[in-house]
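**Student:** Okay, handing you the structure first.
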Amino acid sequence: MKIKVVSRRWFGTKKREELLAVFAANRIVSIQSSFGWDRRLPFPPGLLPHPNVRCFRFDDYTSLDEGCENREALPLLFERSHAEQIIRFVADDSLPLIVQCTEGISRSAAVGQALDWQFNCRFNQNPEDHRFFLESNPQIHPNPLVLEVMMSVLKGG
């Protein structure tokens with residue numbers, strides 16, 4: 001499975017017609033924060049719902065303690081239910097996958113890395129798509145909590 005990790009700006013560079021073509025040719029996991037400017041979707045109005053797009057809301061934190069330092073409310077942490085929904089959404093690996101979060105570095109990187117392991121390294125042994133993932137996503141620095149939860153669910157834990 002070809003997997004690309006992108007920022008919300010990536011979608012902002014596309015015209016509506018281009019976005020419709022991207023939606024039709026890929027599965028898209030879109031991640032927003034629970035607060036702030038990046039809680040809004042990066043897509044123009046009227047494009048959602050779309051069968052190839054799933055949107056999730058969780059913050060780029062690894063613990064509640066970390067999230068309490070600069071906020072009045074607790075952050076929304078990545079949970080097992082998020083991982084299960086994402087995995088079900090991409091389970092048949094029939095389309096390339098685009099995973100998006102604010103910067104395309106942490107949350108989306110962890111989801112992308114776990115799914116690359118599952119689909120390109122663990123079962124399918126697809127070195128070409130694994131190489132695509134590594135070469136296409138040099139910016140990634142996966143969120144440890146998201147990666148841990150994703151890997152636990154993928155391994156059946």
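The values are calculated or read from the model by the stated rules, or taken from the named source; none is laboratory data. Please read all numbers here as calculations on a predicted model, not as lab measurements. We place every Cβ from the backbone using ideal geometry, glycine too, and count neighbours over all the protein chains shown.
**Student:** Quick check: anything in the range 119-130 buried (at least 21 other Cβ atoms within 10 Å of the Cβ), outside any helix (DSSP H, G or I) and in contact with a strand residue (DSSP E or B) (Cβ under 8 Å, 6 or more places away or on another chain)?
**Tutor:** For the range 119-130, residues buried (at least 21 other Cβ atoms within 10 Å of the Cβ), outside any helix (DSSP H, G or I) and in contact with a strand residue (DSSP E or B) (Cβ under 8 Å, 6 or more places away or on another chain): absent.
**Student:** In this structure, is Ser108 part of a helix (DSSP H, G or I), at pLDDT 95 or above and over 15 Å from Val153 (Cα atoms)?
**Tutor:** Yes; evaluated as a whole, the condition is true for this residue.
**Student:** Can you find, within the range 34-82, the residue that is surrounded by the most Cβ atoms within 10 Å (Cβ to Cβ) among those that are polar (S, T, N, Q) and modelled with pLDDT under 95?
**Tutor:** Filtering first and then ranking leaves Thr62.
**Student:** Could I ask something else about it? What are the pairs with Cβ atoms under 6 angstrom where one residue, in the range 112-139, is closer than 19 Å to Leu154 by Cβ and in contact (Cβ under 8 Å) with a residue 40 or more places away in the chain and the other, located anywhere, is part of a loop (DSSP other than H, G, I, E, B) and not polar (S, T, N, Q)? Sequence gap at least six, or different chains.
**Tutor:** Between residues of the range 112-139 that are closer than 19 Å to Leu154 by Cβ and in contact (Cβ under 8 Å) with a residue 40 or more places away in the chain and residues that are part of a loop (DSSP other than H, G, I, E, B) and not polar (S, T, N, Q), the close pairs are Phe119/Met1; Phe119/Asp93; Asp129/Met1; Asp129/Lys2.
**Student:** Another question, then. Determine whether Ser30 is outside any helix (DSSP H, G or I), more than 20 Å from Gly112 (Cα to Cα) and of a type in the set (Ser, Thr, Tyr).
**Tutor:** Working: outside any helix (DSSP H, G or I): yes; more than 20 Å from Gly112 (Cα to Cα): no; of a type in the set (Ser, Thr, Tyr): yes.
In short, no.
**Student:** Every residue in the range 7-41 that is under 13 Å from the mean Cα position of the chain (by Cα) and more than 23 Å from Glu84 (Cβ to Cβ), please.
**Tutor:** Ser7, Arg8
**Student:** Return the residues of the range 73-93 that are in a helix (DSSP H, G or I) and without any contact (Cβ under 8 Å) to a residue 12 or more places away in the chain; say none if nothing qualifies.
**Tutor:** Ser81, Arg88
**Student:** Let me ask you something else. In the range 102-157, how many residues are more than 17 Å from Ser7 (Cα to Cα) and hydroxyl-bearing (Ser, Thr, Tyr)?
**Tutor:** 1
**Student:** Determine which single condition Lys14 fails, assuming it passes every other condition in (1) surrounded by fewer than 13 Cβ atoms within 10 Å (Cβ to Cβ); (2) over 29 Å from Asn124 (Cα atoms).
**Tutor:** Against the list (1) surrounded by fewer than 13 Cβ atoms within 10 Å (Cβ to Cβ); (2) over 29 Å from Asn124 (Cα atoms), Lys14 comes up short only on (1).
**Student:** In the list Val29, Val22, which residue meets the criterion of being over 16 Å from Arg107 (Cα atoms) and either loosely packed, with under 11 Cβ neighbours inside 10 Å or not small (Gly, Ala, Ser) (or both)?
**Tutor:** Only one candidate passes the filter, namely Val22.
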